[in-house]
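Scroll down for the structure; my scribbles are underneath it.
Derivation of every value follows stated rules applied to the coordinates shown; laboratory data play no part. The model shown is predicted, which means the values in this text are computed figures rather than measured ones. As a convention, Cβ positions derive from the backbone with ideal geometry for all residues, glycine included, and neighbour counts pool all protein chains shown.
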Amino acid sequence: MKRYIIKGFLGVLAMAAVFQSCKKNDPDQWLKDNIEIVGKLPVPVSLSVVAPQTANVQPGSAVNLDLRYWSEAEIEQVVFRDSVGTNAKRVFLTAPYQKAYSAVTRTDSLRTVYQVPAGLAASTKIIIEAEVQNKNGLKKSITTTLSVQ
């Protein structure tokens, strides 16, 4: 009888050890463990030609551009690029951030002048890109297209 009690006790002890070693682990948190929050993206709202000018331009003319943008994070600079026809993009202006808040549009604004290259054929497309860059390294672009007449 003593033998059965000892065997029973050892069996219960063994079962307790098995249950203890099989405890539930925390679920895998791969995304949480492997993501780094950098900050918030800038939001370029619009890039347009200032009236009364239009997106139909003459070779060699100057075009007034108006960029509207905002960001909850600190803005570092705005970079303007152009792509004439099938040519590669080139930077034509890098502007450090300056406050220009409009209570009406609830955005910052940046006005600049773009000089259309001379000697372009009619119907040549010029893509203007404005890239707003935050100090946290995040950036976002907006484009507008000009058409040579």
> What's the local net charge at SER141, with K and R +1, D and E -1, over the other residues with C-beta under 15 Å away?
Replying inline: +2
> Size of the dipole of the stretch 43-148 about the Cα centre, Lys and Arg at +1 and Asp and Glu at -1 on the beta carbon, nothing else charged, in debye to 20?
Replying inline: 80
> Per-residue ellipticity at 222 nm for the chain, helices alone: DSSP H runs ≥ 4 residues times -39500 (n - 2.57), over residue total, nearest 500 deg cm²/dmol?
Replying inline: -5000 deg cm²/dmol
> Sorted from fewest to most neighbouring beta carbons within 10 Å, what does the list ARG90, ARG81 look like?
Replying inline: ARG90, ARG81
>> Testing the spin-label approximation: label points 7 Å from Cα along Cα→Cβ at ILE6 and ALA73. State their distance in nm.
In response: 7.0
> DSSP loop GluC sites (Glu not before Pro) in the stretch 45-109 with at most 16 other Cβ atoms within 10 Å of their Cβ, which ones?
Replying inline: GLU72, GLU74
> By how many nm would the segment from ALA16 to GLN115 grow when fully extended, if each residue of separation counts as 0.36 nm and the alpha-carbon distance is taken off?
Replying inline: 27.5 nm
>> Ranking request for peptides 56-63, 39-46: highest mean number of other beta-carbon atoms within 10 Å first, then the rest in descending order.
In response: 39-46, 56-63
> Given the stretch 43-148, what count of lysine pairs have C-alpha atoms under 20 Å apart, with each pair 8 or more places apart or on different chains?
Replying inline: 6
> If each of SER83 and SER48 carries a label point 7 Å out from its Cα toward its Cβ, how far apart are those two points in nm?
Replying inline: 2.4
